[in-house]
1. List, in order, the whole-Hz ³J(HN,Hα) value for each residue of the stretch 184-191 obtained from phi through the Karplus relation with A = 6.51, B = -1.76, C = 1.60 and θ = phi - 60°; use x for Gly and Pro.
2. Can you tell me the relative contact order of the chain? Whole percent, Cα pairs under 8 Å, sequence separation 6 or more.
3. In whole angstrom, and with the biggest value first, how far do the Cα coordinates of the chain range along each principal axis?
4. When the accessible area of the chain is split by element with a 1.4 Å probe, what percent falls to carbon and sulfur?
5. For the stretch 117-263, report the translational diffusion coefficient in µm²/s to the nearest whole number, using Stokes-Einstein at 20 °C, 1.002 mPa s, and a Kirkwood Rh over Cα pairs.
6. Could you list the square roots of 5 times each eigenvalue of the Cα gyration tensor of the stretch 189-263, that is, the equivalent ellipsoid semi-axes, sorted largest first and rounded to whole Å?
7. Aspartates and glutamates within cross-link reach of K57: Cα-Cα under 16 Å, excluding same-chain residues under 8 positions apart?
8. With a sphere of radius 13 Å drawn around the Cβ of K26, what net charge do the other residues whose Cβ falls strictly inside it have (Lys, Arg +1; Asp, Glu -1)?
Amino acid sequence: MLKTHVIDEIANELYKAEKHRYSIDKFVDKYPEMNEELAYKVQERLIEIKCNEEKTKRVGRKLGLTSKAKQVMMGVHEPSYGVLLESMQLFEGDPISISSFIHAKLEPELAFIFGKELKGPHVTVADVLAATEYIAPALEIIDSRFQGFSFTLPDAVADNSSSSRFIIGERFFSPEQFDLRLMGMVFKKNGEVVATGAGAAVMGHPARAIAWMVNKLFKEGQSVQPGEVVLSGSLSGAVTIAEGDHFSACFDRIGTVEAVFTE
Ligand code: OOG
Ligand code: MG
């Protein structure tokens, strides 16, 4: 069993690594007792530290490792979730400096914005869609705090599922009009297609990933609140970001979200 002070210690190490932009060793080697359950405790502690230190607040959640492409890329075969904070949100058109990151990568995702509380257990795809006010195209910048962007599931969970920043496109749509499984996506870097996909890449239906998460959150006595945003997890593999890169993720019928990176 990890003692409270060890949970604190790990959360602080992760916080400092992010703040000062250096990568650290995986924890599973040092603490073999680190499992998924303890890792979510570290994540909670890390979020508390960030909220206190950065005077920010929770605005939603993100899913990770929900597509086969991402699971194969990272060698981790189960999804994870993390918390989105207000301080992580960037807006389309803002130039993003790569000096803020350790070794960032970009992912095309679907954002769900909730109009009603979504609470487990036994939440289905239909329940997720009924509680969703809007969907929008989104990009997530991930930036693992671990060396070589290499980790096990508990490491990534402790590290708030590698979250760093997110951008939500500025057009919003009711999910009712779409079959999200069939929603096509083209991901471009500097005008060149780097990945293509469809909503079904995320667990067969992006809303299924959210149902999975809220059913898990229920066991912790937590739920998704009205007004919160949830990112589905990447539809494709993540793409490395370099200075000067311009990315766009274009989704069928709901439009494009873009990001530009500077020095
Ligand atoms: C873990 C987070 C993955 C996604 O969308 O699949 C993630 C990682 O790969 O670093 O955010
Ligand atoms: Mg992601």
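1. Those phi angles translate into x, 9, 10, 10, 10, 10, 6, x Hz.
2. 27 percent
3. 49, 45, 35
4. Within the chain, the accessible surface is 50 percent carbon and sulfur.
5. Rounded to a whole number, D works out at 130 µm²/s.
6. Here the semi-axes work out to 29, 15, 12 Å.
7. Counting by Cα, and skipping residues close in sequence, K57 has these aspartates and glutamates nearby: E44, E48, E86, E228.
8. Cβ neighbours under 13 Å give a net charge of -3.
The values are calculated or read from the model by the stated rules, or taken from the named source; none is laboratory data. Since the model is a prediction, treat every value here as computed from it, not as a measurement. Because the Cβ atoms are built from the backbone with ideal geometry, glycine has one as well, and the counts that use them run over all protein chains shown. The area values use the complete protein model at the heavy-atom level, side chains included, leaving out ligands, DNA and RNA. Shrake-Rupley method; radii C 1.70, N 1.55, O 1.52, S 1.80 Å.
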